[in-house]
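The structure appears below as structure tokens.
Just so it is clear, none of the values below were taken in a lab; they were calculated from the coordinates. For clarity, every value in this text was computed on a predicted model and none was experimentally measured. Here the Cβ is made from the backbone with ideal geometry for all residues, glycine too, and neighbour counts use every protein chain on show.
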Amino acid sequence: MRLHLRIWGRVQGVYFRASTLEQAIQRGLRGWVRNRADGSVEVVAEGDETVLRELLAWVEHGPPLASVAEVESVWTDDAGLEGFEVRPSL
């Protein structure tokens, strides 16, 4: 499965990307995370649905310095990504 997330709130400058990278790697997920120009964070993760739901539960709170206001999630089919990385901001 693939999970595409957009996270709004105080999510930039609070180690959200680095923490998401760590969470995804610990769970064996594939994909990427990046900051968006509108102040949100975007995540695309692929893997087992149960593990993706764990990541979704984590991003609803984020790292200690974050304050998550809203999470948008879209589920689709796995596209075969490899590894997990922090991408440049968009």
Dividing the mean separation of Cα pairs under 8 Å (6+ apart) by the residue count of the range 2-77 yields a relative contact order in percent of 49 percent
Name the residue from 47, 69, 13 whose Cα lies farthest towards the positive end of the charge dipole of the chain, charges +1 on Cβ of Lys and Arg and -1 on Cβ of Asp and Glu. 13
Mind putting a number on the dipole of the chain about its Cα centre? Charges go on the C-beta only, +1 for Lys and Arg and -1 for Asp and Glu, and I need it in Debye to the nearest 20. 340 debye
How long is the gain from residue 49 to residue 74 if the chain were fully straight, where each residue apart is worth 0.36 nm and the alpha carbon distance is subtracted? 7.8 nm
Based on the Kirkwood radius over alpha-carbon pairs, what is the Stokes-Einstein translational diffusion coefficient of the chain at 37 °C with 0.692 mPa s viscosity, in µm²/s? 260 µm²/s
Could you please report the charge total around residue 24, scoring K, R as +1 and D, E as -1 over all other residues with beta-carbon less than 11 angstrom from its beta-carbon? -1
